[in-house]
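S.K.: Structure in structure tokens, see below.
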There are 2 protein chains.
Amino acid sequence: MSARDNVNRRVVLATRPRGVPTPQDFRLDQTAVPAPNEGQVLLRTLYLSLDPYMRNLMDEAGTSYAPPVPVGAPIVGGTVSRVVASRHPQFRDGDLVLGNAGWQDYALSDGKDLIPLGEMARPSLALSGLGMTAFTAYVGLLDIGQPKPGETVVVAAATGAVGAVVGQIAKLKGARVVGIAGGADKCRYAVEELGFDACLDRRDPQLAEHLAAACPNGIDVYFENVGGAVFDAVLPLLNNGARVPVCGVIAHYNEDDLPAGPDRLPKTVTTLLQKRIRMEGFIILDHYGNRFDDFRRDMSEWIASGRVKLREDVVDGLENAPDAFIGLLEGRNFGKVVVRLTDA
Amino acid sequence: MSARDNVNRRVVLATRPRGVPTPQDFRLDQTAVPAPNEGQVLLRTLYLSLDPYMRNLMDEAGTSYAPPVPVGAPIVGGTVSRVVASRHPQFRDGDLVLGNAGWQDYALSDGKDLIPLGEMARPSLALSGLGMTAFTAYVGLLDIGQPKPGETVVVAAATGAVGAVVGQIAKLKGARVVGIAGGADKCRYAVEELGFDACLDRRDPQLAEHLAAACPNGIDVYFENVGGAVFDAVLPLLNNGARVPVCGVIAHYNEDDLPAGPDRLPKTVTTLLQKRIRMEGFIILDHYGNRFDDFRRDMSEWIASGRVKLREDVVDGLENAPDAFIGLLEGRNFGKVVVRLTDA
């Protein structure tokens with residue numbers, strides 16, 4: 001075992017955040033590295049994925065698809081790990097696996113939640129372009145959004161882990177793609193590097209007017225992954241028969257109560273009716289069984305051929321995960337956020 | 001021609017309503033009965049359908065699917081009419097037809113929007129159980145709601161033209177059906193006559209608690225045809241994978257501006273996401289081409305066998321249409337509202 005001094009560093013939930021998390025809501029602690037029982041493996045975390053859904057799991061209520069993180073326990077999270085001690089017949093020391101070791105150096109697993117990765121030149125890809133976030137983009141866009149050639153697709157957080165892949169797949173499918181992102185650098189990247197047709201700054205005070213100008217034929221698919229003010233600019237531009245896959249509403253994850261008015265729900269529902277719009281939420285966990293193989297096949301090809309480009313925002317050191325996570329909720333990241341714990 | 005004194009009485013839009021329409025927004029006037037040109041028929045209106053969508057057409061903006069009614073013009077509306085003078089090769093004097101003659105005694109048509117009805121013992125059925133409102137129930141429930149045996153379906157305005165049919169078809173498909181209606185009489189009717197499993201008074205101050213008790217397994221399909229407070233009671237009870245066909249939001253048709261807060265949109269969208277809910281608006285005009293024949297076949301059978309019961313709220317006299325329409329928007333009707341202009 002390669003555990004230095006037998007220490008397992010963990011970032012645990014110190015207190016449940018009220019609204020936006022602060023560094024004090026997290027605590028770095030240490031425990032002994034656990035030993036695997038028969039049928040278990042010990043995992044060393046190489047890369048940890050940071051994702052907005054984690055904010056929901058910090059609330060006492062948890063979500064309908066996952067229980068809350070207990071106070072004092074490590075935050076949950078998807079990881080690329082190496083098996084460092086196996087007492088499981090299907091895994092050997094040195095195997096690279098996709099798992100859910102959470103925000104810590106080491107974890108035990110009974111193997112049921114592990115996906116063998118083989119050797120990868122760039123293991124973090126299993127968390128980004130070939131992992132959950134890109135799979136979220138793939139399923140939400142293709143299965144719910146269903147863009148047709150010539151249609152207009154709008155995606156917010158356009159350079160984020162999900163949005164960048166949504167936009168690039170939509171371009172592959174022949175759609176006009178308009179992104180919304182935080183700041184001129186990100187917008188330039190979306191257009192020049194990712195090939196979007198246009199990209200608008202979400203802080204633009206004339207966002208609604210500029211979005212209308214960028215979408216002269218209206219909007220057929222709006223990939224909702226932020227919520228908030230962007231939706232208000234999008235709603236009047238939606239075409240008859242538009243589709244709105246709801247992947248996330250990051251702008252609202254920190255809200256405790258119903259926000260102040262006016263109440264935008266009636267106008268939204270009236271618009272859904274008059275324009276025959278489908279708005280549909282999805283949770284990517286539901287789709288591994290029937291779509292993950294398709295995704296891996298298509299995406300591997302698109303990445304290899306350079307048709308889909310990936311940008312990772314790599315943060316070094318588990319101790320920096322809380323700050324990186326807070327930044328992610330604020331849109332400070334530029335690309336998919338992964339924390340590198342070790343290259344071992 | 002049977003026109004008495006050659007007079008065509010019409011109810012025209014006097015002024016565009018602000019909020020809830022008042023009797024002063026309508027005006028009964030008279031013109032001469034028009035004479036058909038070659039290729040036209042003159043129609044005598046027997047029955048006029050009153051429907052909530054008409055409120056939207058009184059606004060200057062109209063809707064995405066129909067232009068506004070001009071001030072001074074007759075209100076639009078579906079009708080059962082008799083051809084009283086035909087200069088059209090496909091129609092003969094005396095033919096009974098489904099059309100769109102609007103709120104008036106007589107109208108001309110070039111025949112393109114007419115559906116021949118043959119003789120019917122109860123011609124108003126073409127506007128209720130075999131007409132647009134029941135078709136709306138059929139498409140919204142079966143094609144979008146897709147209830148499975150044992151699932152729970154909730155429908156508001158449960159004794160209204162659409163709601164009563166939604167609930168009865170859902171029962172036919174093996175679902176548990178819970179209605180919401182205005183007052184004890186309507187609720188009793190929904191349970192005792194229509195066969196709903198339960199029905200709650202929408203003015204019940206404990207609606208949320210009582211709805212939860214009536215839906216012990218949650219809600220799988222919510223047929224949205226009212227909007228407003230009912231939705232707040234429904235939202236927390238929706239199950240994973242629930243479907244919400246949006247047929248109408250009558251509670252909001254009279255609203256000019258965004259209503260006061262709190263803003264219920266973020267919580268709604270978050271719920272759609274966490275519970276993978278599909279919310280989808282539809283406009284029945286889109287579905288005549290591919291589903292109307294199925295509907296007529298199924299519904300004729302269900303009505304003939306007594307498995308679907310229809311209740312019409314028949315108002316006598318064109319001059320009473322404005323008051324009946326205002327009552328419809330307020331939920332004063334009990335069943336499908338049709339205005340009988342003549343039995344001729």
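S.K.: Towards the positive end of the charge dipole of the range B:279-340, with charges on Cβ (+1 Lys, Arg; -1 Asp, Glu), say which of B:322, B:310, B:338 has the farthest Cα.
M.R.: B:310
S.K.: Per residue of the protein assembly as shown, what 222 nm ellipticity follows from adding -39500 (n - 2.57) for every DSSP H run with n ≥ 4, rounded to the nearest 500?
M.R.: -7000 deg cm²/dmol
S.K.: Sticking with this one: Would you tally the net charge around residue A:207, using a Cβ to Cβ cut-off of less than 10 Å, leaving residue A:207 out, and scoring K and R as +1, D and E as -1?
M.R.: After counting each charged neighbour, the total is -2.
S.K.: With +1 on each Lys and Arg Cβ and -1 on each Asp and Glu Cβ, how big is the dipole of chain A about its Cα centre, in debye rounded to the nearest 20?
M.R.: Dipole magnitude for chain A comes out near 540 debye.
S.K.: Okay, moving on. Roughly what % of DSSP beta bridges within the protein assembly as shown run antiparallel, to the nearest 5?
M.R.: Of the beta bridges lying entirely in the protein assembly as shown, close to 55 percent run antiparallel.
S.K.: Whose amide H sits under 5 Å from the amide H of residue B:264, counting only residues 5 or more places off or on another chain, with H placed in the peptide plane?
M.R.: Amide H neighbours of residue B:264, under 5 Å, 5+ apart: A:264, A:265.
S.K.: Where is the GNM fluctuation largest for chain A (alpha-carbon springs, 10 angstrom cutoff): A:216, A:266, A:149?
M.R.: Greatest mean-square fluctuation among the candidates belongs to A:266.
S.K.: Here is a further query. State which entries of B:186/B:275; A:275/B:173; A:309/A:336; A:171/A:309; B:171/B:309; A:275/B:112 exceed 22 angstrom in Cα-Cα distance in the structure shown.
M.R.: Violating the 22 Å limit, Cα to Cα: B:186/B:275; A:275/B:173; A:275/B:112.
S.K.: Among A:247, A:215, A:199, which comes first, then next, by fewest other beta-carbon atoms within 10 Å?
M.R.: With the fewest neighbours first, A:247, A:215, A:199 line up as A:215, A:199, A:247.
S.K.: Hey, can you grab everything whose amide H is under 5 Å from the amide H of residue B:157? Only 5+ residues off in sequence or another chain; H modelled, so Pro and N-termini drop out.
M.R.: Here B:180 satisfy the definition.
S.K.: How high is the relative contact order of chain A, in percent, counting Cα pairs under 8 Å that sit 6 or more residues apart?
M.R.: 17 percent.
S.K.: Provide the per-residue ³J(HN,Hα) series for the range A:119-135, in order, calculated from phi with Karplus coefficients 6.51, -1.76, 1.60 and θ = phi - 60°, each as a whole number of Hz, with x at glycine and proline positions.
M.R.: Whole-Hz 3J(HN,Hα) from phi for the range A:119-135: 7, 10, 5, 9, x, 5, 4, 5, 9, 10, x, 10, x, 4, 5, 5, 5.
S.K.: Now a separate question. With everything on Cα atoms, drop me the angle between helix B:163-172 and the longest principal axis of chain B, reported from 0 to 90° to the nearest 10.
M.R.: Relative to chain B, helix B:163-172 is tipped by roughly 60 degrees.
S.K.: I'd like the Kirkwood hydrodynamic radius of the range B:132-226, using the inverse of the mean 1/r over distinct C-alpha pairs, in Å.
M.R.: Roughly 12.7 Å, rounded to one decimal.
S.K.: Cut-off 10 angstrom, C-alpha nodes, Gaussian network model of chain A. Which of A:185, A:201, A:316 fluctuates the most?
M.R.: In this elastic network of chain A, the residue with the biggest mean-square fluctuation among A:185, A:201, A:316 is A:185.
S.K.: Quick check: Cα centre of the range B:6-41 to Cα centre of the range B:282-344, how many Å?
M.R.: So the two Cα centres are separated by 21 Å.
S.K.: Spelling out what I want: for every residue of the range A:151-159, take phi, set θ = phi - 60°, compute 6.51 cos²θ - 1.76 cosθ + 1.60 (Karplus), and round to whole Hz; glycine and proline get x.
M.R.: Once θ is set to phi - 60°, the couplings for the range A:151-159 become 6, 9, 10, 10, 9, 8, 6, 5, 10 Hz.
S.K.: Hey, fewest Cβ within 10 Å first, where do A:269, A:166, A:84, B:83 land in order?
M.R.: Exposure proxy ranking, most exposed first: A:84, B:83, A:269, A:166.
S.K.: Let me ask something else. Can you tell me, using C-alpha contacts under 8 Å and at least 6 residues apart, the relative contact order of the range A:123-266 as a whole percent?
M.R.: Dividing the mean separation by the residue count of the range A:123-266 yields 22 percent.
S.K.: Follow-up question, since we're still on this one. Between the helical axis of B:265-274 and the dominant principal axis of chain B, each derived from Cα atoms, what acute angle in degrees is found, rounded to the nearest 10?
M.R.: Roughly 60 degrees between the two axes.
S.K.: Let me ask another. Quick one: compute the contact order of the range B:30-188, relative version, from alpha carbon pairs under 8 angstrom and 6+ residues apart, as a percent.
M.R.: It rounds to 18 percent for the range B:30-188.
S.K.: Output ³J(HN,Hα) for the range B:63-77: one whole-Hz value per residue in order, computed from phi by the Karplus curve 6.51 cos²θ - 1.76 cosθ + 1.60 with θ = phi - 60°, and x for Gly and Pro.
M.R.: 9, 5, 10, 7, x, x, 6, x, 4, x, 9, x, 5, 6, x
S.K.: Now a separate question. Thinking of the protein assembly as shown as a set of Cα atoms, what percent of all their pairs are more than 36 Å apart?
M.R.: Roughly 49 percent, rounded to a whole number.
S.K.: Using the 7 Å Cα-to-Cβ label point, sort the distances from residue B:6 to its equivalents in the other copies shortest first and give them in nm to one decimal.
M.R.: The answer, with the shortest distance listed first, is 11.1 nm.
S.K.: Could you give me the radius of gyration and the Dmax of the range B:183-248, taking only the C-alpha atoms into account and expressing both in angstrom?
M.R.: 11.9, 33
Read-outs throughout are calculated quantities, based only on the coordinates presented, and are distinct from any laboratory measurement. Since the model is a prediction, treat every value here as computed from it, not as a measurement. All Cβ positions, glycine included, derive from the backbone under ideal geometry; neighbour counts span all protein chains shown.
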